[in-house]
Amino acid sequence: MNKTDKVLNFLLQYLLEGYIFVISVVIPLYMGRRKYAQIAYDKFQVFKKAAWCLVIAFAVIQIIRLILNRRSFRLRIPRLSLTDVFALVYGVTLVVSYICASNRQEALYGAVSWYSGFFTQAVLLIIYWIYSRYFRWHKRVLLYLYAGTAAVILLGILNRFYLCLIDPENYVSTFISTIGNINWLAAYLSVTVPIGIGAYISGILPQICRIPVLLWILAAVTGVFTNGSNSLYPAFLVCLALMLLFGLENKDRMKKVLDCVLMIGISLSLLSLAQMIMEPTAFNKIIGDEFNIVYLFTRIHAGGVIILLSCLGLVLLGKKEIPSRISKLSDRILTVLITAGLIVIIGFPLIQITGWISIPDSLGHNRGLLWRLSRYVFDELPLYRKLIGIGPDNYGNYTMNDWNFMKQLLEVYPGMRVTSAHSEPLTMLINLGICGVTGYLGMIFTSVYRLLAASGETQRTLRIPVILALAVYHVDMLFSFHLFIALPFVFLLLAFAEQLMRESR
């Protein structure tokens, strides 16, 4: 490699690392002058500018490299993995869906405040391709993630305890930290927190980071408990189950899992203490409402029980090793659990679309109503629309022009419109059709299954944060929606998994 190539590689690595810093620290913490009033718009402008800088700078570096090496350049057919093939299906569907969109103007950037249109999804696919081929991954990127999320989480907890440092003059309980409303924060936490927990469990962090990361985990689970979004609880129940299965692989890993469980117990105990001190109404606002599962756990002091059980587990592990047969069994159970997750994630939108199982309209703050109305929308689409959808992020615009949809929606939500079905697989089925959903979910599950099948020690270690985050995020998405705040982390994980498997060949 000549000196010029070294300089170009140096610039490329810092460009790619700089972009990770932007999406990990800058965008989550950025607040425009209008604070919460235009938070989504302001953040999207940063996202858009950072994306253009990434794409243009990357293209310039590659063009310079091509010119300098033009004599030795040879055109090669790229080797595509199964994940790459599904990414290609997703990308082609995205382009066709945009060209044929019911409203191409809105499809370009997406609905106002959501911004998950063609531009955003195209950037995500570019991220996957660039980072899976060109970036040299290192632990420093985890520092950006921990730093950015720590600030977001702490500000969110302070919000819940009536200490709003962001926009105290216009404080609204549904807006939290520097992310936006509770659903936005839930999506953000559902992908970033499992990455941080998974990195700790895997043992890739130096010993000096143990206490700071455990404190981060304590704050993170408290942020989850006080977020107020019920969609997070089934998602993090899956996280706990996967953590325990990964812990069965060896003694040291199980100790780290129990450390995390201990933090969960301490968090619930602190909330129990707050419940005893505070007025009932004030405490209910902290956790969302009194029907929240955290309310029950704090009332019965489940935190103390969890602390005792985790401490007992740590003591027992100090004397015994985990039998090898259990370690081998954990891999099989993990595969079964992931397969069950695949069935749920595919089966859930099938139930929503077909109506095989009757879902009450009131389920999940009237999500059942949105799912039923969305079923009628999908049923009325012509065949080609069922395959490619109505256009990226066109759900809101399309349904707003459907009289039957809006008439029934306005009976429950007067003066409002919706921009998603509040269940991402269902929303994507309408926006990008069967082909788009197949491409997207194909990327996710081929990545996870390839990691599950990995035999190398490095791959088996580094797969933990990837699988944890992808699983938790997509369980949360069954009740939520895609956001440009969280999606870049998903595609970076896919890129990391792809590069990891390529290196193992």
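The values are calculated or read from the model by the stated rules, or taken from the named source; none is laboratory data. Just so it is clear, the model here is predicted, and its values are computed rather than measured. Don't worry about glycine lacking a Cβ; one is built from the backbone with ideal geometry, like all the others, and counts go over all protein chains shown. Just the protein is used for accessible areas: all its heavy atoms, side chains included, with ligands, DNA and RNA removed. Shrake-Rupley method; radii C 1.70, N 1.55, O 1.52, S 1.80 Å.
For this structure, a couple of remarks:
- Residues (surrounded by fewer than 23 Cβ atoms within 10 Å (Cβ to Cβ) and in a helix (DSSP H, G or I)) located in segment 454-465: Glu457, Thr458, Gln459, Arg460, Thr461, Leu462
- Entirely in segment 263-356, the helices (runs of 4 or more DSSP H) that have 3 or more residues that are in contact with a Gly (Cβ under 6 Å, 6 or more places away or on another chain): 302-317
- Unique match (being on the phi < 0 side of the Ramachandran plot and more than 27 Å from the chain's Cα centre (by Cα)) among Met278, Met254, Met263, Met243: Met278
- Residue within segment 14-24 that is open to solvent by 20 Å² or more (accessible area, probe 1.4 Å), aromatic (Phe, Trp, Tyr), more than 30 Å from Ile179 (Cβ to Cβ) and more than 24 Å from the chain's Cα centre (by Cα) present: no
- Of all residues making up segment 133-146, the number that are closer than 14 Å to Tyr19 by Cβ and either in a helix (DSSP H, G or I) or in contact with a Leu (Cβ under 7 Å, 6 or more places away or on another chain) (or both): 6
- Qualifying residue in segment 30-53 (condition: in contact (Cβ under 8 Å) with a residue 24 or more places away in the chain, open to solvent by 70 Å² or more (accessible area, probe 1.4 Å) and within 21 Å of Tyr146 (Cβ to Cβ)): yes
- Note on segment 94-132: residues that are under 22 Å from the mean Cα position of the chain (by Cα) and among the β-branched types (Val, Ile, Thr) amount to 6.
- The listed residues are Phe496, Phe445, Phe491, Phe479, and the only one of them that is in contact (Cβ under 8 Å) with a residue 40 or more places away in the chain, open to solvent by less than 10 Å² (accessible area, probe 1.4 Å) and within 18 Å of the chain's Cα centre (by Cα) turns out to be Phe491.
- Any hit, segment 159-175, residues being open to solvent by less than 30 Å² (accessible area, probe 1.4 Å) and under 19 Å from the mean Cα position of the chain (by Cα): no
- Segment 385-418: number of residues that are of a type outside the set (A, V, I, L, M, F, W, C), open to solvent by 20 Å² or more (accessible area, probe 1.4 Å) and in contact (Cβ under 8 Å) with a residue 24 or more places away in the chain: 8
- Residues being β-branched (Val, Ile, Thr), open to solvent by less than 30 Å² (accessible area, probe 1.4 Å) and not in a loop (DSSP other than H, G, I, E, B) - total across segment 198-237: 6
- Listed by first and then second residue, the pairs linking a residue in segment 81-102 that is closer than 11 Å to Cys435 by Cβ to a residue that is open to solvent by less than 60 Å² (accessible area, probe 1.4 Å) and not in a helix (DSSP H, G or I), with Cβ atoms under 7 Å apart and 6 or more places separating them unless they lie on different chains, are Thr93/Leu432; Leu94/Pro392; Leu94/Leu432; Ser97/Gly389; Ser97/Gly391; Ser97/Pro392; Ser97/Leu432.
- If only residues of segment 63-81 that are among the hydrophobic types (A, V, I, L, M, F, W, C) and open to solvent by less than 100 Å² (accessible area, probe 1.4 Å) are counted, the one that is farthest from Pro392 (Cα to Cα) is Leu68.
- Filter result for the condition that a residue is free of Cβ contacts under 8 Å to residues at least 24 places away in the same chain and either closer than 19 Å to Tyr131 by Cα or among the charged types (D, E, K, R) (or both), over Ile61, Ile23, Ile56: Ile56
- Flag if Ala469 is open to solvent by 20 Å² or more (accessible area, probe 1.4 Å) and within 21 Å of Glu503 (Cβ to Cβ): no
- Taking segment 110-141 as the range and being more than 20 Å from Ser81 (Cα to Cα), open to solvent by 40 Å² or more (accessible area, probe 1.4 Å) and modelled with pLDDT of 95 or more as the test, only Phe118 passes.
- Condition met for Leu329 (among the hydrophobic types (A, V, I, L, M, F, W, C), surrounded by 15 or more Cβ atoms within 10 Å (Cβ to Cβ) and touching a residue at least 24 places away in the same chain (Cβ under 8 Å)): no
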